[in-house]
Amino acid sequence: MPIRCAPYLLGLCLLLIGCQPERPSAPVGQQMEAPAGPGSGQPHLFAGPGERVGLSWIEPVDSTRDAFQYAAFDGSSWSEPKTVATGTDWFVNWADVPSLRPLPDGRHVAHYLESSGPGVFAYDVRLTQATPDGNWQPAVTPHRDGTPTEHGFVSLLPW
């Protein structure tokens, strides 16, 4: 015996779908200007304690020098940019970007890349940290192999 209720079931399903309560609309985003200046690049978003969000980037200072900068977002606006370090011999590219991480005790740790030889991909990782009052310490190299090769793609996590 053939089943003849299929058209009725389809109609019932469509009716039930149409009777669903209205879904809330998705939150609407807001476009805002980043705190980075003209010619900046290598953006990196980071999260800190208390759901704070920040942005770090590389900004050209002049034709030979770059600055590693960052700013925090308070929910409505960006803080004034602060400088982690400046340099003339950095390895700057689109894929292996510097980063900054706030730590639970109020300090910050950051990394950037410094050229270490004539090869295109000869660069070292440089780590620096700031005290809770914002004073950045001299950078150190966390690896000791002494080779002019690629050292990068760093992940910073509080430990």
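Laboratory data are not the source of any read-out in this text; all were calculated from the coordinates shown. Not measured: the values here are computed from a predicted model.
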q = 0.20 Å⁻¹, the range 42-159: log10 I(q)/I(0) [Debye, one scatterer per Cα]: -1.14
Karplus-derived HN-Hα couplings along the range 38-53 (A = 6.51, B = -1.76, C = 1.60, θ = phi - 60°), whole Hz, x at Gly and Pro: x, x, 6, x, 6, x, 9, 7, 9, 10, x, x, x, 6, 6, 10
For residue 61, residues with placed amide H under 5 Å, excluding near neighbours: 66, 67
Whole-Hz couplings from phi, Karplus 6.51/-1.76/1.60, listed for the range 143-159; x for Gly and Pro: 10, 10, 6, x, 9, x, 10, 6, 10, x, 6, 7, 10, 10, 9, x, 9
Interchain or long-range residues, amide H under 5 Å from residue 150's placed H: 123
Karplus 3J(HN,Hα) series, Hz, for the range 95-104 with 6.51 cos²θ - 1.76 cosθ + 1.60 (x for Gly, Pro): 9, 9, 9, x, 9, 9, 9, x, 9, x
